[in-house]
Structure formats: structure tokens, C-alpha cells
1. Quick check on G52: is it in a helix (DSSP H, G or I) and not aromatic (F, W, Y)?
2. Assess whether V45 counts as being assigned by TED's automatic domain parsing to the domain that holds T92, part of a helix (DSSP H, G or I), hydrophobic (A, V, I, L, M, F, W, C) and under 21 Å from L96 (Cβ atoms).
3. Need pairs with beta-carbon distance below 8 Å; first residue over 14 Å from L60 (Cα atoms) and within segment 73-93, second at pLDDT below 90 and exposed (fewer than 13 other Cβ atoms within 10 Å of the Cβ); sequence gap 6+ or separate chains.
Amino acid sequence: MREAYAAGRGAGSGRLLLGVAGVGLGLVGVWQFAAHVPLSGWVRVLVWLVAGVVVHDGLLAPLGVVSGWLVARRTPTPVRSAVRIAGLATLTVVLLLVPLLATGGLRH
């Protein structure tokens, strides 16, 4: 265990570079949002963010716990990880597609 921790510490400069790039891109996003979204749009974004937290904590997280428990109970050990990964990938694609299908697709 200590060897793995020590090996992870050696990646400090790469992680620092990725962290700085992430913070920089996040600041660019905030600046673009503040510059291009009218004040009335901020309320809609806030409502959307709050709804996202409520849906995640109230529906998606419990669904993930229950499905993980069912997979662990009913799936043979050698294929358990593959079934979990396939389920997670499927759920991710579905969650990305539902808003597109509900709104009529991409708008240009």
C-alpha cells in the first residue's frame, strides 16, 4: 500500500498542471457566463442547478445504491465488475440523451 501511495506522490507536477488548467478553464467559463448571459437568465440557471442536486440526491443516488446491491447479489463474482461498468455506461448515455430527446434535439 505504501508503494502505491509513494508512486502516486511522484505524479505531483502533472496533477498540479491539470489542476491549474482546470481552474483556468473554469474561470474562463464563469467569465463567459457573466459576460453573455443576461441577468434574467441567472435565475433559470440557479433553478436548474438546484433541481439537478435534488434529482441526483433524491432519485439517482438511491437508484445507484439499489442497482449496485442487486448486481452484487445476483451476479456471479467473475462478471460483477463488467456488469456494473456496463450499467454505469448505459445510464450515462441515457441521462445525456433524455434532455436532447425531450427538447427536440440540438438547436443551431
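The values are calculated or read from the model by the stated rules, or taken from the named source; none is laboratory data. Not measured: the values here are computed from a predicted model. A quick note on method: Cβ atoms are made from the backbone with ideal geometry, for glycine too, and the neighbour counts reach across all protein chains shown.
1. Details: in a helix (DSSP H, G or I): yes; not aromatic (F, W, Y): yes.
Yes; evaluated as a whole, the condition is true for this residue.
2. Yes: the conditions hold for V45.
3. R80/A72
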